[in-house]
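Since the structure comes first, as structure tokens, the remarks are kept for the end.
The values are calculated or read from the model by the stated rules, or taken from the named source; none is laboratory data. Being a predicted model, the structure only gives us computed values, none of them experimental. No Cβ is skipped: glycine too gets one built from the backbone with ideal geometry, and neighbour counts run over all protein chains shown.
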Amino acid sequence: MRIGLDFDNTIIRYDEVFQQAAKERGLVVGGFSGTKQQVRDAIRLQPEGEMKWQALQGYVYGRRIRQAKLFPGVRQFLRRARKNGDTILIVSHKTEYGHFDRDNVNLRGAALRWMEMNGFFSEDGFSILRDHVHFASTRSEKVSRIANLNCDFFVDDLEEVLSDPAFPPSVRRILLSASAVVAHLPYKVCSDWTAIEEVIFLDR
């Protein structure tokens, strides 16, 4: 099989990093506790909140990405795909540089270094080919790339990607979400990677 995966907030989890970085910059109070989305929502309520959020996002996705972790279950999933001989294709909507990022870190390069550090390309890791990692500057470019790669499955954490009118109908879509309303969605919803593994490897 050809299994397509989103990167940010699907493979890699930033919740703790966003929380800590937001506290360091004084964007949330010291006792704040929450997910990346909750950090975002809190910052966006502030004056110039969208600009502050985008600057924080560029900082975390760039200079602080080393502190981010694999989502629980991803390691087991990728090992199983390798054992099965399945092809893993990563397609990420990621610009080269973050908006308002004072450090001007290349975000795509930072993501590739994180993957290398976590064994994505090594023979004793997941043996994913570097050529199978793709970055797109826009959502429409990402959807087009998914279609051109002839994926059998695609996993993403964003409903707007999987619901895009241009998304290839031949690709089986899986939304990674613990909060999505399952009813009326034209694709599978999984709350964690254990459920994703069951859908792809056991329910096919």
Given the options GLY98, GLY109, name the one that is closer than 30 Å to LYS23 by Cβ, more than 14 Å from the chain's Cα centre (by Cα) and surrounded by 19 or more Cβ atoms within 10 Å (Cβ to Cβ). GLY98
Would it be correct to say that ARG108 is part of a helix (DSSP H, G or I), under 17 Å from TYR14 (Cβ atoms), out of contact with any strand residue (DSSP E or B) (no Cβ under 9 Å at 6 or more places or on another chain) and not assigned by TED's automatic domain parsing to the domain that holds GLU50? no
Of the numbered conditions (1) at negative phi; (2) assigned by TED's automatic domain parsing to the domain that holds ALA195; (3) touching a residue at least 12 places away in the same chain (Cβ under 8 Å), THR35 fails exactly one; give the number of that condition. (2)
Based on what the data block shows, is PRO47 assigned to a loop (DSSP other than H, G, I, E, B), touching a residue at least 24 places away in the same chain (Cβ under 8 Å) and exposed (fewer than 13 other Cβ atoms within 10 Å of the Cβ)? no
So GLN38 fits all but one of (1) assigned to a loop (DSSP other than H, G, I, E, B); (2) of a type in the set (S, T, N, Q); (3) at pLDDT below 95; what number is the exception? (1)
